[in-house]
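> Below you will find the structure I want to go over with you.
The values are calculated or read from the model by the stated rules, or taken from the named source; none is laboratory data. Quantities reported herein were computed from a predicted structural model and do not represent experimental measurements. Methodologically, a virtual Cβ is constructed for each residue, glycine included, from the backbone with ideal geometry; neighbour enumeration extends over all protein chains shown.
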Amino acid sequence: MSGWARRRVWTAAKVLPAPGGWTVHLDDKPVMTPARAPLVVPTPAMAEAIAAEWQAQDKVVDPRTMPVTRMANSALDKVAPSHAAVVAHLAAYGETDLLCYRAETPAELAARQAEAWDPLLDWAAEALGARLRVGVGVLPVMQDRAALDRLSARVAAHDTFALTGLHDLVALSGSLVLGLAVAEARLEADAAWVLSRLDEDWQIAQWGEDDEATASAQARRDGFVTAARFLQWARK
């Protein structure tokens, strides 16, 4: 990430108003994105979260501990210039949504999927006007074009920063419906993450945990929760 100092050379990170929103200064220097654009975010809450990440750095800056800063950089440098492409990419998840692909066996897993996921598909049909079809096994499920178009319109309604948060919610869960359910306050992030992990948790219950897989899942879960907060901060 260009523009990141290897060592901390500032005393305090502070939030200041800026044209179009809020920014963060390290002492008297404004934070810039990797593409050298001013890091201006839409709300003071998001700016405060970014400032807290910078302030928490020790002698050596570790970008891995700064997820909100990374997401804000992505919003400005990557999402803003290609908004339509990002919308199309996320909308395509509706064609292969996790919640639409069910196990054939065992019967207990199939029943758990139906109990956990059917209410979200019902919500998408009622609240979003998009009834998605469900299939068994791995064969593709052909979805109604009108339903997919309505989901796409919901995605497109998000501005640059909200779309950045939604992107990670969808990509990490594998479900456009779950991502929109969090974005539209139908589900809390923790509950949505548990629903996205139903198959994996079933396998763990049958065969036990793998330390490496568990660590990877925890990192993804942390990213999912951060994305939900980022989306909220984009709107407040």
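> Test Trp202 against the criterion of being of a type in the set (Phe, Trp, Tyr) and modelled with pLDDT under 95, and give yes or no.
Here the answer is yes, as Trp202 does meet what is asked.
> While we're here: Got a sec? Which of Ala227, Ala234 is small (Gly, Ala, Ser) and out of contact with any Phe, Trp or Tyr (no Cβ under 9 Å at 6 or more places or on another chain)? Reasoning before the result, please.
Working: Ala234 fails: out of contact with any Phe, Trp or Tyr (no Cβ under 9 Å at 6 or more places or on another chain).
Selected residue: Ala227, the only one of Ala227, Ala234 that is small (Gly, Ala, Ser) and out of contact with any Phe, Trp or Tyr (no Cβ under 9 Å at 6 or more places or on another chain).
> While we're on this one: If a residue must be surrounded by 15 or more Cβ atoms within 10 Å (Cβ to Cβ) and in a loop (DSSP other than H, G, I, E, B), how many such residues does the stretch 107-134 contain?
Result for the stretch 107-134: 5.
> Next question. Condition test on Gly208, is it surrounded by fewer than 21 Cβ atoms within 10 Å (Cβ to Cβ) and within 23 Å of Ala110 (Cα to Cα)? Break it down into steps so the answer makes sense when it comes.
Details: surrounded by fewer than 21 Cβ atoms within 10 Å (Cβ to Cβ): yes; within 23 Å of Ala110 (Cα to Cα): yes.
Answer is yes for this residue.
> May I ask you to list the residues in the stretch 142-158 that are over 12 Å from Ala91 (Cα atoms) and among the acidic types (Asp, Glu)?
Asp144
> If you check Ala92, Ala85, Ala80, Ala72, which single one turns out to be closer than 26 Å to Val177 by Cα and touching a strand residue (DSSP E or B) at 6+ places or on another chain (Cβ under 8 Å)?
On the way: Ala92 fails: touching a strand residue (DSSP E or B) at 6+ places or on another chain (Cβ under 8 Å); Ala85 fails: touching a strand residue (DSSP E or B) at 6+ places or on another chain (Cβ under 8 Å); Ala80 fails: touching a strand residue (DSSP E or B) at 6+ places or on another chain (Cβ under 8 Å).
So the residue among Ala92, Ala85, Ala80, Ala72 that is closer than 26 Å to Val177 by Cα and touching a strand residue (DSSP E or B) at 6+ places or on another chain (Cβ under 8 Å) is Ala72.
> Name the pairs whose Cβ atoms lie under 7 Å apart, with the first residue in the stretch 163-183 and closer than 18 Å to Arg133 by Cα, the second of a type in the set (Asp, Glu), and 6 or more positions between them or separate chains?
Filtered contacts from the stretch 163-183: Ser175/Asp97; Leu176/Asp97; Val177/Asp97.
> Condition test on Asp149, is it part of a helix (DSSP H, G or I) and either of a type in the set (Lys, Arg) or touching a Gly at 6+ places or on another chain (Cβ under 8 Å) (or both)?
Working: part of a helix (DSSP H, G or I): yes; either of a type in the set (Lys, Arg) or touching a Gly at 6+ places or on another chain (Cβ under 8 Å) (or both): no.
No; evaluated as a whole, the condition is false for this residue.
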